[in-house]
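Okay, so here's the structure we're looking at.
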Amino acid sequence: METGRIVKLISGVYQVDVGGKKYNTKPRGLFRKKKFSPVVGDIVDFDIQNEDEGYIHHVHERHNALKRPPVSNIDGLIIVMSAVEPKFSTQLLDRFLVIAHSYNLSPSILVTKKDIASETQINHIETILNTYKEIGYSVQFVGKKTDKVDIVNTWPNGLIVLSGQSGVGKSTFINTFKPELNLETNDISKSLNRGKHTTRHVELFERENGFIADTPGFSALDFDHIEKDDVKYYFKEINTFGNDCKFRNCNHIKEPKCNVKHQLENNNLAQFRYEHYLQLVNEISNRKVRY
């Protein structure tokens, strides 16, 4: 019996890495009976057949897991946005951050394409990114000429997941420090302001101190697992300020003696962040019940 990490899944075949050697494996039928599927990132026990093939018998307990993209045992989640093409969006960034926090992950922010943004755009984005730094997020803003290898080396050891919409440069970023992969990239659709999906599956690539995941870009984000009363916990500064509200169950909307509203009025809370909070609470409140 061998133990390794699933690094790729295509057409029901799980590629497992054991010290650099890859095995194409399939899960035993017991997983279907339990309605449980292994995902990329899982640590698994499998038996070897035909030298480089095998069957998965056991999946080790996961430290954490994302639903979309399906990845487990994540040591660092990097939310990738672009300065332009597609246009930088604080609303989209906040939605990614909320999803990350809902899975008990601590995300960092990476903004790409600084080299093709105008000086006005760069100044605007840097001002916004300062807000996120003050909240406590790690923020990096890079262009093609930036030494991206050095940036990657500042990330935590273990499995790093790059997540973001299509076209922001996730695959291009990986190609920069691992050119032998030659990952497919594509231009964005200017009419839709979003990229074309060049990554079609989750795959882990080795790096000096662990793995990095290239994931499919999103055209939509799923909040079905989040309840409206929990959104406040996923905006870091709102969660902190909320500890001093008069009422423990304060949702920071119309309640009296709300410290979050007080901080907003005193410019200690960014207006755009609060608006995104309200939008998401309203969106979840109005979603249709699924049967």
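The values are calculated or read from the model by the stated rules, or taken from the named source; none is laboratory data. Note that the structure is a prediction, hence the values are computed from the model and not measured. Reconstructed Cβ throughout: ideal geometry from the backbone, glycine too, with neighbour counts over all protein chains shown. Quick note on the areas: whole protein, heavy atoms, side chains included, nothing else; ligands and nucleic acids left out. Shrake-Rupley method; radii C 1.70, N 1.55, O 1.52, S 1.80 Å.
How high is the relative contact order of the stretch 2-59, in percent, with contacts defined as C-alpha pairs under 8 Å that are six or more residues apart? Present the calculation step by step, with values, prior to reporting the outcome.
Values: 110 pairs, mean separation 20.7, N = 58.
Across the stretch 2-59, relative contact order equals 36 percent.
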Check your understanding: Leaving out ligands, DNA and RNA, what percent of the accessible area of the stretch 231-286 is carbon and sulfur, probe 1.4 Å?
Key -> 43 percent
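In the neighborhood of GLN91, defined by Cβ-to-Cβ distances under 12 Å, what is the net charge if each Lys or Arg adds +1 and each Asp or Glu adds -1?
Combined, the nearby Lys, Arg, Asp and Glu give 0.
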Check your understanding: Between ASN267 and ASP47, 0.36 nm times their residue separation minus their Cα-Cα distance comes to what?
Key -> 73.3 nm
Review point. By how many nm would the segment from MET1 to ASP150 grow when fully extended, if each residue of separation counts as 0.36 nm and the alpha-carbon distance is taken off?
Key: 49.9 nm
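By DSSP, what percent of the beta bridges with both residues in the chain are antiparallel, rounded to the nearest 5?
Percent antiparallel among DSSP bridges in the chain is about 55.
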Point to revise | Mean projected area in nm² (Cα convex hull; one quarter of hull surface) for the stretch 2-59 | key: 3.5 nm²
Revision key, fill the gap. Here the averaged projected area of the stretch 1-141, based on the convex hull of its alpha-carbon atoms and given in nm², is 10.7 nm²
**Study point:** Length-normalised contact order of the chain in % [C-alpha pairs under 8 Å, at least 6 apart]
**Key:** 14 percent
Revision key, fill the gap. With all protein chains present, the stretch 2-59 has a carbon and sulfur share of its accessible area (1.4 Å probe) in percent of 46 percent
Revision key, fill the gap. Along the dipole axis of the chain (charges at Cβ: +1 for Lys and Arg, -1 for Asp and Glu; origin at the Cα centre), the most positive-end residue among ILE284, HIS124, PRO69 is ILE284
Review point. Alpha carbon centre of the stretch 36-81 versus the stretch 224-279: separation in Å?
Key: 35 Å
Study note, to complete from the structure: Taking a label point 7 Å from the Cα of PHE205 along Cα-to-Cβ, the residues of the stretch 107-144 whose backbone nitrogen sits under 19 Å from it are 110-114, 142-144
**Study point:** Computed accessible area, GLU275, all protein chains, 1.4 angstrom probe, square angstrom
**Key:** 80 Å²
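Please report the net charge: other residues with Cβ closer than 10 Å to the Cβ of GLY242, K and R +1, D and E -1.
Values: positive: LYS232, ARG248; negative: GLU237, ASP244.
Computed value for this residue: 0.
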Review point. Rounded to the nearest 0.05, what FRET efficiency do GLU255 and ASN123 have when you use their Cβ-Cβ distance and R0 = 45 Å?
Key: 0.75
**Study point:** Cysteines not pairable in the chain (beta carbon separation under 4.7 Å absent)
**Key:** CYS258
Study note, to complete from the structure: Ordered by number, the trypsin sites (Lys or Arg not before Pro) in the stretch 121-174 that occupy a DSSP loop and have at most 15 other Cβ atoms within 10 Å are LYS144, LYS145
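Could you state the accessible area per residue of the chain in Å², with a 1.4 Å probe and every protein chain left in place? Could the numbers behind the result be given before it?
Values: 15540 Å² over 291 residues.
Dividing the accessible area of the chain by its residue count gives 53 Å².
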Study note, to complete from the structure: What the Cα atoms of the stretch 71-179 span along the principal axes, largest first and in whole Å, is 39, 33, 24
**Study point:** Alpha carbon Rg of the chain, scaled by the compact-globule rule 2.2 N^0.38 Å
**Key:** 1.10
Exercise for review: Please work out whether the stretch 231-286 counts as rounded, prolate or oblate from its C-alpha gyration tensor, where a ≥ b ≥ c are the square roots of the eigenvalues and a/c under 1.5 means rounded, while otherwise a/b larger than b/c means prolate and anything else oblate?
Suggested key: oblate
